[in-house]
Amino acid sequence: MDPRDTAVLLPPPSGNHVVDGFFDCAEESAHYAFSVQLLLTQYATVVPWQTEGVAELGSGDARAIAHVVRAVPGLTVHGTDISATSVERARQTIAGLGVEDRYDVELGDFFAWAGSAAGSQVSTVIANPPYIPAPDGDILMPELWGGWYGNDLVLRLLKAGFDHLLVALPSYSDPAATLAVAGELGYQVANFLAMGLEFGAYSREPKVAEHIARLTAEGHGWAGDDSYVVAVALLTRSPQVQRDRSTELLRALQLPA
Ligand SMILES: C[S@@+](CC[C@H](N)C(=O)[O-])C[C@H]1O[C@@H](n2cnc3c(N)ncnc32)[C@H](O)[C@@H]1O
């Protein structure tokens with residue numbers, strides 16, 4: 001396809017209210033979707049999505065990636081989500097857009113699927129993973145808890161053995177530590193798209209906002225006054241990629257490189 005065909009619709013404004021049981025942040029989901037679409041099409045010779053398809057950790061209500069599947073011929077996605085409400089909504093979204101033949105979402109833990117025979121057939125994972133840092137998982141939506149620093153899930157993804165990850169990295173979830181681990185495991189940052197976001201309902205929860213303030217003061221990330229930056233990056237172990245953009249990525253996330 002022509003890489004200029006990158007139109008992704010911004011979902012209707014959510015107002016950032018918390019709707020029971022599924023992730024709802026229109027701007028963040030649209031940035032994730034747009035970035036996945038652009039990076040997959042731009043790096044189609046590096047990332048074998050046309051022959052293998054891709055797996056998704058945490059599809060949510062699927063509004064983000066269902067539009068991408070509809071826009072990108074030949075893209076197939078197998079998603080998982082641990083939230084039953086999300087999976088129910090995802091299936092409705094997918095049916096509504098008529099892409100059931102190329103996008104399915106199963107209920108369960110992504111890492112259980114990754115360890116299965118089906119998981120071993122795919123080398124690319126896309127994810128806007130849970131990344132809310134908090135002392136414990138007793139937060140507005142517990143499924144979004146990313147551990148103390150917020151990067152537990154992306155660290156697990158890096159260690160799961162996939163060659164290509166298109167993953168959202170927020171500035172306040174210790175991205176420097178994440179990228180250090182990625183480098184040790186042989187990943188390079190092929191490219192990324194970064195966007196500033198206001199704190200949404202999940203990061204604004206007082207317990208979370210206070211924790212973010214503590215972590216960033218200790219040098220484990222960056223957050224501004226009620227805002228942060230999210231980058232969706234292509235981390236790859238492909239030898240075809242000769243340029244590592246980790247330094248540029250850290251700078252885009254407002255961190256010293
Ligand atoms: C930040 S939301 C992203 C949703 C959607 N991809 C989007 O961008 O709109 C993260 C999703 O990951 C799901 N999740 C959390 N832990 C998971 C796990 N271990 N396996 C699969 N999904 C998980 C959550 O239920 C949630 O729907």
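Quick check on the chain: helices-only [θ] at 222 nm, where DSSP H runs of length 4 and up contribute -39,500 (n - 2.57) each and the sum goes over total residues. Nearest 500, please.
-10000 deg cm²/dmol
Can you tell me the convex hull volume per residue for the chain, based on C-alpha atoms, in Å³ to the nearest whole number?
Enclosed volume per residue, from the Cα hull, is 117 Å³.
Let me make sure I get this right: for segment 107-190, a, b and c are the square roots of the gyration tensor eigenvalues over alpha carbons, sorted descending. Under 1.5 in a/c it's rounded, otherwise prolate if a/b > b/c, else oblate. Which is it? Mind showing how you got there, number by number?
On the way: a/c = 2.28, a/b = 1.21, b/c = 1.89.
Since a/c reaches 1.5 but b/c is at least a/b, the shape of segment 107-190 is classed as oblate.
Tabulate in residue order the Karplus-calculated ³J(HN,Hα) for segment 75-80, using 6.51 cos²θ - 1.76 cosθ + 1.60 with θ = phi - 60°, rounded to whole Hz; enter x for Gly and Pro.
Result, ordered by residue: 7, 10, 10, 10, x, 10 Hz.
Working out 0.36 nm times the residue gap between residue 100 and residue 121, then minus their Cα-Cα distance, what length gain in nm do you get to one decimal?
5.5 nm
Projected area of segment 148-257, taken from the Cα convex hull and averaged over every viewing direction, in nm²?
On the way: hull surface 25.8 nm².
Across all orientations, segment 148-257 yields a mean hull projection of 6.4 nm².
If I take R0 = 22 Å and measure r between the Cβ atoms of residue 180 and residue 218 in this structure, what FRET efficiency does the formula 1/(1 + (r/R0)^6) give, to the nearest 0.05?
0.85
How many nm separate the modelled label positions at residue 210 and residue 92, each set 7 Å beyond the Cα in the direction of the Cβ?
According to this spin-label approximation, the distance is 3.6 nm.
Between segment 78-140 and segment 155-210, what is the C-alpha centre distance in whole Å?
Computed from Cα coordinates, the inter-centre distance equals 17 Å.
Roughly what % antiparallel, to the nearest 5, for the DSSP beta bridges in the chain? The partial results should precede the final answer.
Numbers: 17 of 34 bridges.
Restricted to the chain, the bridges split so that about 50 percent are antiparallel.
Could you calculate the FRET efficiency of residue 257 with residue 159 from 1/(1 + (r/R0)^6), where r is the beta carbon distance between them and R0 is 22 Å, rounded to 0.05?
With R0 = 22 Å, the Cβ-Cβ based efficiency is 0.40.
Using a Förster radius of 22 Å, what is the FRET efficiency between residue 51 and residue 107 based on their Cβ-Cβ separation? Nearest 0.05, please.
0.25
Which of 124, 236, 216 moves the most in a Gaussian network model of the chain with Cα springs under 10 Å?
216
Every number in this text was worked out from the coordinates using simple rules, so none of it is lab data. Only a predicted model underlies this, so the values are computations on that prediction, with no experimental measurement involved. FYI the Cβ positions are ideal-geometry reconstructions off the backbone, even for glycines, and counts take in every protein chain you see.
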